[in-house]
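Notes for the one structure printed next.
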Amino acid sequence: MVRSAVLAMGILVASLACADNSDSVFEEALHAARNDDWNGLAQAQKRLSDDHPLQAYLEFHRLRAALPDLSPQRVVEYGERYPDSPLPDDIRQHALVAYAKESRWRDVLKVYDRAPRGTELRCYYLRAQWENGDKGVLPQVRELWLSGSSRPSSCDPLFEAARDQGVIGEQEIWERLLLAFDQGATGLMSYLADMQSGADATAGEWLGRLHRDPERLRELPEGIGDERREQLLSAALRRLAYTDTVRARELFEQESANLGLKDPALRERAAERIAWYSTIRGIEENRQWLDGWLANNGSADTLDQRARRSVIEQRWDELPDWVARLPAAARDDSRWQYWLGRAAEENGDDEAARAHWGRAAGQRNFYGFLAAERLGQAPVFSNASPATDDSAPTQPGLARVALLREIDEPQLAWDEWNWMLWHSSEGQRRKLAQHALQQGWYDLVVQASIQARAWNVLAWRFPAAHRDLFVNAARRHDLDPWLSMAVARRESAFYPHARSPVGAQGLMQLMPGTARKVARDAGQTPPDARQVMDPDINVALGTRYLAELLERFNGNRVLALAAYNAGPHRVDDWLAEEEDAVPADVWIESIPFYETREYVQAVLTYRVLFQGLHGNREELVLLRPDERGTPYSLAMMD
């Protein structure tokens, strides 16, 4: 065991020494390879050793550039040479697409022996099977077809073949139209409607009309068949539940049966949608119908929202009855145990309140910590030791991760790290997590803790990442560094090059426009896209922005965090009226955006964890007295 640890450390040290001598040369070679500068690559490679740990990256680009003329055998041999790397999977994907675009279907099957992940790649692979005579793929094509969203163009030839073979017919077109209707994919609906004929064409036209104006459900013509008619009526009511929930309930109650909606499953689908929007929108006009319907119906999600509605409206007498309808796992969770405690307190039963809070306080989350504060207790961390042996991890990819981080290739290092985690045992993942912590690879240790399912090893899940950056930035704005660190942990899990689908960037996930505005307000040169990813710049600007939001909302962290996630103008709108003031805990539960609600709860919880793990544990507070005492408004629910 000791010998393997020493050997592994020797390999890593040797690799890092290699990096010290050849970092700039390898960067030069990689830049040339990415830009198809083969002369530049050749010159750089002359100065690199043949056994450089990152040679596989240079060979990858040579193979990529040779596609589609590259022999599939070269692709296979590359995978055999580098079996412990993510790169063979990458070159196989490149080869699959290149061969498919050249109709080299036999070559596709030489580089893949099973369907790859991802719809585009899967369609190319299934087409290769089809073109090579495998008729058994058509049921899988039918599964791909039945989606409410558009599919890649690589799927179109398969869909045409399935239609020619009768595997996709009028029924499948109609089923996909209904899926597109529920997803609001109007472009796809038009595309599918053009494929229909006969009575189904009429039904398809009406489905489009009902999406635009669901109240036209009473105008449905004869001759489209009872089954299609009922499906159209149910779809229209589901759509109307969104556009006019009161009217949807009225039509469902008064006219749906007479119009022909009698199928129990279709009626329940419509009623469930009406119940959902009646609940989350707090529509009083629908309350009697809603509660009557929920007495014998309703999904767990809708019942959860109905119980939440009782919290928002502070109807403490009715809350226990709704919580009792929830599944046992939900009832026992800290969230509902906390609210049952609040209901018992408001109903004058302090003993029951403390019992509920005692059950909640044993859980390490927002409502567990809230319950502990109600009881005057310290939060329960349930912190576990890493409990790994003394041996170091031995995966060859570890040296590549270190080198890639050295030369500022975080995405490549991230890919290598995740490949190692996916191909490691739980014990190996734990070793990798501890190694990453020791190296200061904060983003990688968090990822390893997730893959190892090490939920209670808080040293891995909540390392004091970039501590000096956060402390120094916070000091400039008289800000709590644990709060900004908690924001970064929630936003990016400490991955400096994180980028959200909407364009937020870096540790604190700043939108480029926000970063530029904050910099200009500070009298600084606005950063470009690459600079926003720099941890120093990102933390400085993110912390300043958080401080600005705290100033705007009088130091209230609940409101500032909601604004950080949803935007300050939304929070301004939510606080536009003051006559319906509610307590802080109720206001947080009332935030209408699930993402923002979870965000506020998570960041406040993370801040307590960071301070408790790395700071002064004598002053752990989830919500300060001034935050509890703020008269929060429920204008957001209007």
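The table below gives the values:
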item: Wholly within the range 19-108, helices (runs of 4 or more DSSP H) carrying at least 3 residues that are free of Cβ contacts under 8 Å to residues at least 12 places away in the same chain and either surrounded by 14 or more Cβ atoms within 10 Å (Cβ to Cβ) or out of contact with any Cys (no Cβ under 9 Å at 6 or more places or on another chain) (or both); result: 38-45, 72-81
item: Hey, D200 closer than 26 Å to S150 by Cα and modelled with pLDDT under 95 or not; result: yes
item: First in the range 442-455 and within 14 Å of A488 (Cα to Cα), second anywhere and assigned to a helix (DSSP H, G or I) and among the small types (G, A, S), Cβ under 8 Å, 6 or more apart; result: Y442/A436; D443/S492
item: Some residue of the range 531-549 being of a type outside the set (V, I, T), over 28 Å from R461 (Cβ atoms), surrounded by fewer than 19 Cβ atoms within 10 Å (Cβ to Cβ) and without any contact (Cβ under 8 Å) to a residue 24 or more places away in the chain; result: yes
item: Listing of helices (runs of 4 or more DSSP H) fully contained in the range 348-437 that carry 1 or more residues being modelled with pLDDT under 95; result: 397-406, 410-422
item: Residues satisfying the stated conditions in the range 599-628, i.e. in contact with a helix residue (DSSP H, G or I) (Cβ under 9 Å, 6 or more places away or on another chain) and open to solvent by 60 Å² or more (accessible area, probe 1.4 Å); result: R617, E619, R624, R628
item: Residues of the range 241-271 that turn out to be open to solvent by less than 30 Å² (accessible area, probe 1.4 Å) and either under 20 Å from G184 (Cβ atoms) or touching a Pro at 6+ places or on another chain (Cβ under 6 Å) (or both), as a count; result: 4
item: Residues that are closer than 30 Å to S24 by Cβ, of a type outside the set (S, T, Y), in contact (Cβ under 8 Å) with a residue 12 or more places away in the chain and open to solvent by 50 Å² or more (accessible area, probe 1.4 Å), drawn from the range 384-436; result: P396, R405, E406, Q411, W414, D415
item: Answer from D321, D301 - the residue that is assigned to a helix (DSSP H, G or I), in contact with a Phe, Trp or Tyr (Cβ under 9 Å, 6 or more places away or on another chain) and loosely packed, with under 14 Cβ neighbours inside 10 Å; result: D301
item: Residues located in the range 233-267, provided they are in contact with a Phe, Trp or Tyr (Cβ under 6 Å, 6 or more places away or on another chain) and of a type in the set (A, V, I, L, M, F, W, C); result: A235, L237, A241
item: Unmet criterion (only one of (1) in a loop (DSSP other than H, G, I, E, B); (2) open to solvent by 20 Å² or more (accessible area, probe 1.4 Å); (3) of a type outside the set (S, T, Y)) for R228; result: (1)
item: Verdict on L261 being aliphatic (A, V, I, L, M) and either assigned to a helix (DSSP H, G or I) or on the phi > 0 side of the Ramachandran plot (or both); result: no
item: Residue in the range 461-483 that is among the hydrophobic types (A, V, I, L, M, F, W, C), touching an Asp or Glu at 6+ places or on another chain (Cβ under 8 Å), in a helix (DSSP H, G or I) and closer than 19 Å to L437 by Cα present; result: yes
item: Residue in the range 158-168 that is surrounded by 16 or more Cβ atoms within 10 Å (Cβ to Cβ), touching a Ser or Thr at 6+ places or on another chain (Cβ under 8 Å) and either without any contact (Cβ under 8 Å) to a residue 12 or more places away in the chain or not in a loop (DSSP other than H, G, I, E, B) (or both) present; result: no
item: Residues satisfying the stated conditions in the range 499-513, i.e. polar (S, T, N, Q) and assigned to a loop (DSSP other than H, G, I, E, B); result: S500, Q509
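The values are calculated or read from the model by the stated rules, or taken from the named source; none is laboratory data. Owing to the predicted nature of the structure, the values given are computational and were not obtained by experimental measurement. Cβ coordinates were reconstructed from backbone atoms using ideal geometry, including for glycine residues, and neighbour counts include every protein chain displayed. We work out accessible area using only protein heavy atoms, side chains counted, and drop any ligands, DNA or RNA first. Shrake-Rupley method; radii C 1.70, N 1.55, O 1.52, S 1.80 Å.
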